[in-house]
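Colleague: There's a structure below that I have some questions on.
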Amino acid sequence: MKSGSNLERVLEAGHFAVTVEIGPPMDCNPAEVVKKARLLKGLADAYNITDNQTAVVRMSSIAAAVLIAREGLEPVMQMSCRDRNRLAIQADILGACALGVKNCLCIAGDHQSFGAAGRLKGHPGAKNVYDVDSIQLVAILKGMRDDGVQQGGDPIEVRPPLFVGAAWTPLGDPVAIRPLRLKKKVAAGADFIQTQGVYDVPRFKEQMEAICDMGLHERTCILAGIIVPRSLGMLKYMNSSVAGVSIPESLIKRMAKARKSAGDNKKQASRNQAQEGINISVELIEQVREIPGVKGVHIQAIEWERRVPEILEKAGLLPRPMVPGKEKENGSEGEDHGG
Amino acid sequence: MIVAERKPLSEIRGFVENYHRILIAGCGTCTTVCLAGGEAEVKLVASALRISFLRDEKEVEVLEDCVTRQCEPEFVEKIDQRVKDEGVEAVVSLGCGVGVNFLAQTLETTPVFPGVNTEFFGAVVEPGVWQEMCAGCGNCILHLTGGICPIARCSKSLMNGPCGGSQDGKCEINPEVECGWALIVERMEKLGTLDSLEEIIPPRDWSTSHHGGPRKVVRQDVAPASAGKEGQAQ
């Protein structure tokens, strides 16, 4: 065991893992985080806490991770390379580990010009950092954990026991480079991978075949991303504007049909689309589960966490397995999981 | 070349409107080639300022000059001499930021204002279009990336391949911006060297860039014995 985290134990025991994303609020209200935590407790093996996602200032991922850990949920703290240099990153990693965080997902982070794709002001005039990239960050965390050294070479007496993750966009452009990108992340030390949202299952399957041919599925645990669609508009937006997300016409037609079926009743149209979005999500989970090399799913129901229980229930992913830690690993915080 | 763009006339006027005799100093090298601060632009800015001052009945005499380079003493000294000889109260430099700095350092007591915004090191990719291509980071790695710089041309300066935001060859920040890594991948595919990208490039030592502090290159074979003991050229 590298970290003894619940996520690591579940994956190690061969269970199909479930992680769910929790977006921290844009203020300092802990009740928001606690509310989401209580809603989602027991539904997943670990919960990703995003780090200034879409380049919008939110409660820090470390703080929100600790808040959910206090509620008995295990966090996957996200760490973006956009906002911190290697000093700040390593200091925050040591701090987070001191507070009991055991999983960290390393990401480059959306560019600061992104600002929630224009829906919020954000901070487009900010100076970014990108001192290290996400692959280098994975290697840094692995070095801190396995070799007990900081990136600069100074020793670490008590090493951070982290389960180290990275993101992967299997269908991002240029597609030809994507398997190689994953190979680099695995070589750098990624213990688990969470993918960009999958809608085009056949194309994702093709990429997974390439990954299995390279043997990468045995060296890391790949969790397929499931972004829960709420409406036709959201599907169309993601298809046209979210890099690496391509949505088959058949799904767009299904959602259009769901909306149309309500006639002029807008509320009903919204309900129909929400239901169809949930149906689609459940089907996607079932489909990716059949793909060799996929070890779990990562559910992103952006500001729509309340529908996650229904999705996981319908997908047959509940209850979550209990995999006790070995005594010598002395795991404690965040592991009285699933209540 | 160093690429610059002229500042708006209103901004330049704001710098100098309270002086009586000003000099617009162009540069015959980079800012001439990028059409921001050469002889033609000196004439243009000077004329526009004269008209603007005349309209407001302000008595400001606007002198013009353009030297070969504002980044070498032999040329900058000419401006210095003129400032002294002709009682120039303020200078607007249409050279790049280097020119402004160097003039300011040379002129000592005469204020020097920037007439252009200095942008980047770039090339003319088509008439009227300049593209950033080098970040001047002090430790070139272009041999690893097919001759296309990920530091200058990737919005995140990523060293190990494209992020998830690359779409149809464009960057996530703007569909007008090419994805630097898409260019690198395309180029290395053509060269048949794509496999070499498998190697993980470790975190960079940014101390060779501005992050290591202001830099200096000293060539002992050219420099007088007194020149910089530190920061010697390798």
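Colleague: Out of (1) without any contact (Cβ under 8 Å) to a residue 40 or more places away in the chain; (2) touching an Asp or Glu at 6+ places or on another chain (Cβ under 9 Å); (3) more than 30 Å from residue A:125 (Cα to Cα), the odd one out for residue A:87 is which?
Modeller: Unmet condition: (3).
Colleague: Inspect the range A:211-228 for any residue being facing chain B (nearest Cβ under 9 Å) and surrounded by fewer than 22 Cβ atoms within 10 Å (Cβ to Cβ) and give the result as yes or no.
Modeller: Looking for residues that are facing chain B (nearest Cβ under 9 Å) and surrounded by fewer than 22 Cβ atoms within 10 Å (Cβ to Cβ), one finds none in the range A:211-228, hence no.
Colleague: Here is a list: B:190, B:216. Which entry is exposed (fewer than 14 other Cβ atoms within 10 Å of the Cβ), of a type in the set (Lys, Arg) and either within 11 Å of another protein chain (Cβ to nearest Cβ) or part of a helix (DSSP H, G or I) (or both)? Steps first, please.
Modeller: Numbers: B:216 fails: either within 11 Å of another protein chain (Cβ to nearest Cβ) or part of a helix (DSSP H, G or I) (or both).
So the residue among B:190, B:216 that is exposed (fewer than 14 other Cβ atoms within 10 Å of the Cβ), of a type in the set (Lys, Arg) and either within 11 Å of another protein chain (Cβ to nearest Cβ) or part of a helix (DSSP H, G or I) (or both) is B:190.
Colleague: Here is a follow-up. Could you check residue A:178 against (1) of a type in the set (D, E, K, R); (2) more than 12 Å from chain B (Cβ to nearest Cβ); (3) assigned to a helix (DSSP H, G or I); (4) over 22 Å from residue A:76 (Cα atoms) and say which number it fails?
Modeller: (2)
Colleague: Could you look through the range A:131-151, keep only residues that are more than 8 Å from chain B (Cβ to nearest Cβ) and of a type in the set (Gly, Ala, Ser), and pick out the one that is surrounded by the most Cβ atoms within 10 Å (Cβ to Cβ)?
Modeller: A:143
Colleague: Under 9 Å by Cβ, and 6 or more places apart or on different chains, what pairs join a residue from the range A:305-319 that is closer than 11 Å to residue A:283 by Cα with one that is in a helix (DSSP H, G or I) and of a type in the set (Lys, Arg)?
Modeller: Sorted first by the residue in the range A:305-319, then by its partner, the pairs are A:315/A:289.
Colleague: Considering only the range B:193-213, state which residues are in a loop (DSSP other than H, G, I, E, B) and within 16 Å of residue B:153 (Cβ to Cβ).
Modeller: B:201, B:204, B:209
Colleague: Identify, by number, the condition in (1) within 9 Å of chain B (Cβ to nearest Cβ); (2) buried (at least 20 other Cβ atoms within 10 Å of the Cβ); (3) of a type in the set (S, T, N, Q) that residue A:128 doesn't meet.
Modeller: Unmet for residue A:128, out of (1) within 9 Å of chain B (Cβ to nearest Cβ); (2) buried (at least 20 other Cβ atoms within 10 Å of the Cβ); (3) of a type in the set (S, T, N, Q): (2).
Colleague: Kindly provide the set of residues from the range B:144-167 that are more than 7 Å from chain A (Cβ to nearest Cβ) and either among the basic types (Lys, Arg) or crowded, with 24+ Cβ neighbours inside 10 Å (or both), ordered by number.
Modeller: B:145, B:150, B:153, B:154
Colleague: Of the residues in the range B:1-32, how many are more than 16 Å from residue B:79 (Cβ to Cβ), in a helix (DSSP H, G or I) and touching a residue at least 60 places away in the same chain (Cβ under 8 Å)?
Modeller: Final tally of qualifying residues: 3.
Colleague: Considering the range A:82-120 alone, what residues qualify as being in a strand (DSSP E or B) and within 11 Å of chain B (Cβ to nearest Cβ)?
Modeller: Result: A:107, single match.
Colleague: Within the range B:43-75, which residues are in a helix (DSSP H, G or I) and either surrounded by fewer than 17 Cβ atoms within 10 Å (Cβ to Cβ) or outside the structural domain of residue B:106 (by TED's automatic domain parsing) (or both)? Give the steps one after another, and end with the answer.
Modeller: Restricting attention to the range B:43-75, the residues satisfying the condition of being in a helix (DSSP H, G or I) are B:43-55, B:73-75.
Of everything in the range B:43-75, those that are in a helix (DSSP H, G or I) and either surrounded by fewer than 17 Cβ atoms within 10 Å (Cβ to Cβ) or outside the structural domain of residue B:106 (by TED's automatic domain parsing) (or both) turn out to be B:43, B:44, B:47, B:48, B:50, B:51, B:54, B:55, B:73, B:74.
Colleague: Identify the single condition in (1) surrounded by fewer than 24 Cβ atoms within 10 Å (Cβ to Cβ); (2) on the phi < 0 side of the Ramachandran plot that residue A:190 does not satisfy, given that it satisfies every other one.
Modeller: (1) is the only condition that residue A:190 fails.
Colleague: Further question on the same structure: Scan the range A:153-174 for residues that are within 11 Å of chain B (Cβ to nearest Cβ), in contact (Cβ under 8 Å) with a residue 12 or more places away in the chain and either farther than 20 Å from residue A:75 by Cβ or part of a loop (DSSP other than H, G, I, E, B) (or both) and jot them down.
Modeller: Once the filter is applied, which keeps residues that are within 11 Å of chain B (Cβ to nearest Cβ), in contact (Cβ under 8 Å) with a residue 12 or more places away in the chain and either farther than 20 Å from residue A:75 by Cβ or part of a loop (DSSP other than H, G, I, E, B) (or both), the range A:153-174 yields A:168, A:169, A:170, A:171, A:172, A:173.
Colleague: Working only within the range B:68-82, note down all residues that are within 15 Å of residue B:26 (Cβ to Cβ) and more than 17 Å from the chain's Cα centre (by Cα).
Modeller: Answer for the range B:68-82, where residues must be within 15 Å of residue B:26 (Cβ to Cβ) and more than 17 Å from the chain's Cα centre (by Cα): B:75, B:76, B:78, B:79, B:82.
The values are calculated or read from the model by the stated rules, or taken from the named source; none is laboratory data. Note that this is a predicted model, so its numbers are computed, not measured. All Cβ positions, even for glycine, are placed from backbone atoms using ideal geometry, and neighbour counts span all protein chains on display.
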